[in-house]
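Structure record follows, encoded as structure tokens.
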Amino acid sequence: MRPILDDRLRAPEKRNPTMVPLKRRRVVSSCDSSTSDVSNTNNNRIKFQQQVLFLLERKMGSSRRAFLTRLGRSKGFRIEERFSESVTHVISENNSGDEVWAWLNSAQEEGGHHGQPPAPPAVRLLDISWYTESMHEGRPVEIQDRHTLQEPQQNAEELPLFSVPSYACQRSTTLHSHNLLLSDALSVLAQSAELAEDEGRGVAFRRAAAVLNFLPKAISAAEHLRGLPSLGEHSLRVVQEILEDGSSREVESTKQSDQYRAMKALTGIFGVGVKTAHRWFKLGIHTLAQLEDSGQALNHTQQAGVQHYSDLNQPVTKAEADAIGHLVETAVVAVSPGAQVTLIGGFRRGKVTGHDVDFLLTHPEEGKEDGLIFKVVAWLEAQEGRSLDDGKETQKAWRAVRVDLVVSPKSQYAFALLGWTGSKLFERDLRRWAGHERSMSLSSHALFDIKQGKHLRADSEEEIFAHLGLDYIPPSGRNA
Ligand code: DCT
Ligand code: MG
């Protein structure tokens, strides 16, 4: 007997007369209805949990899709309305593998999953024949070659392996990097560019390093980075060389170069910026000793920087930061009862060392924070009986540590806290996001909505993230 297909079960053009026998016809018809509402999930119990199906409407049409969906559900199949990461089987009719793949990519992008379509093994792209045969059997039939759509080999290779949002403030970057060797190398190039006053190039390398630090696993081949934001040709070349040869010639020669070493040494002096260091470098001054011999005029800050050079270039530990925190708190409470001290900067992000210790001071009564820093510094100086530049002791029982004190009125406290916690790249991207994506202007004092023409209030960092339309990222995730 020649089986007959129900018309709606049959592909409009591609007919496969062996699929559904006549006796099924009645069952099929009983499921029919004039409505094409595929979201009408009846209460059929799901028998086949492992297979999560998605029927592609493209070329199938909405009413046929609705019909097939109801049919499948009545047989205990799990059929999703929308494509999502949980889908295991995509069923389509009269589409090539490439066409389905292209559709999936665009669907992912519309859904906000930029740049990460499912990897080919995660989702099977199947022809409608697999579905109709499964309907006939009342269970998911084994997948044969003839059921599968050709896998888009070429496209799959071009797909990025990771999904990386382009702004650092959209990502949580912890201190635990899987690619520190690579990001450290790019940071050398970033620092070299910054020391050459090429800010754009410096930021570009910082961004590339930050993306590497965000990735969930160690990179083994530069191709795996294809399509990721912020990884330009230059950075990719450096990464490739390190992965293949163990090191990058450019990075190694930069580290050895006279200019890089001299500029690092000179800007390592507290109070000396890139411009001053460069002027000295051009005069042949490359080291601290040469500077001291040169007779160059130094300002008050630079003199302190030279005097405490080795102390200030030794990293500050968390234990030291905590001890200094207690001291600052004692001083603050002594000069202004009720005033508050918060650790900010790298230590707030969980770093275990830093080049300085940063604190934010405020007072719950607006206005009472006025002059607080001067009072605190005066109290500390009186307590210590000496100021920083007085180093006449014969036996040194202390070491110099750089401490940054920031003060803010209570109404600006959340903005100051967010702005001074860092990292620098995270802050840069928060401001860039605010400006480019939200038409807002963010600073360590305020958030201004340009379209509404008004300032937005915030009492916490969470509220600022919410104003900006960003998911909240705690300090430990701001180590971009
Ligand atoms: N900051 C910023 N832009 C700058 C400088 C600083 O947004 N140009 C913010 C972010 C970090 C914070 O101020 C404190 O600055 P640093 O102490 O320089 O940074 P850090 O992250 O605390 O680094 P370290 O641990 O080396 O002190
Ligand atoms: Mg700091």
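The values are calculated or read from the model by the stated rules, or taken from the named source; none is laboratory data. Keep in mind that this is a model prediction, so the values were computed, not measured. Every residue, glycine among them, receives a Cβ derived from its backbone with ideal geometry; neighbour counts consider all protein chains shown. Side chains are part of the model used for accessible areas, which takes the heavy atoms of the whole protein and leaves out ligands, DNA and RNA. Shrake-Rupley method; radii C 1.70, N 1.55, O 1.52, S 1.80 Å.
Data overview
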| item | result |
| --- | --- |
| FRET efficiency, Ser106 to Ala382 (Cβ-Cβ, R0 51 Å, nearest 0.05) | 0.15 |
| Estimated FRET transfer efficiency (Ser62, Asp98; beta-carbon r; R0 25 Å; 0.05) | 0.60 |
| J(HN,Hα) series, region 268-282, from Karplus relation 6.51 cos²θ - 1.76 cosθ + 1.60, nearest Hz, glycine and proline x | x, 7, 3, x, 10, x, 4, 5, 4, 4, 5, 4, 5, 4, 5 |
| Cβ-based net charge around His363, under 9 Å, with every Lys or Arg adding one and every Asp or Glu removing one | -2 |
| Region 251-353: Lys pairs at Cα distance under 23 angstrom, eight or more positions apart or on different chains | 7 |
| Förster-model FRET efficiency, 22 Å R0, Glu223 and Ser247, C-beta, rounded to 0.05 | 0.65 |
| Cα-projected label distance for Ser294 with Phe48, points at 7 Å along beta-carbon direction, nm | 7.8 |
| Sum of side-chain charges, Ser441 neighbourhood, beta-carbon under 12 Å (Lys, Arg +1; Asp, Glu -1) | +4 |
| Residue order for His286, His363 - accessible surface, 1.4 angstrom probe, largest first | His286, His363 |
| Length gained when the stretch Arg432-Arg146 is fully extended (0.36 nm per residue, less Cα-Cα span) | 97.9 nm |
| Region 197-263, dipole about Cα centre (Lys/Arg Cβ +1, Asp/Glu Cβ -1), debye to the nearest 20 | 280 |
| Label-point separation in nm, Ala122 to Asp322, each point 7 Å along Cα→Cβ | 4.1 |
| Vicinal HN-Hα couplings computed from phi for region 425-438 (Karplus, 6.51 cos²θ - 1.76 cosθ + 1.60; Hz; Gly/Pro x) | 5, 4, 4, 4, 6, 4, 5, 5, 4, 4, x, 7, 9, 10 |
| Whole-Hz couplings from phi, Karplus 6.51/-1.76/1.60, listed for region 301-312; x for Gly and Pro | 5, 5, 4, 5, x, 5, 4, 10, 3, 6, 4, 6 |
| Lysines whose Cα lies under 23 Å from that of Lys375, excluding same-chain neighbours fewer than 8 positions away | Lys410 |
| Label-zone membership for region 442-480, site Ser411, 7 angstrom Cα→C-beta point, backbone N under 12 Å | 446, 455-458 |
| Solvent-accessible ranking of Lys318, Lys282, Lys59, largest area first, probe 1.4 Å | Lys282, Lys59, Lys318 |
| Amide H partners (placed H, <5 Å) of Met440, local residues excluded | Gly435, Ile450 |
| In nm, spacing of pseudo-spin labels at His445 and Leu283 (7 Å Cα→C-beta vector) | 3.6 |
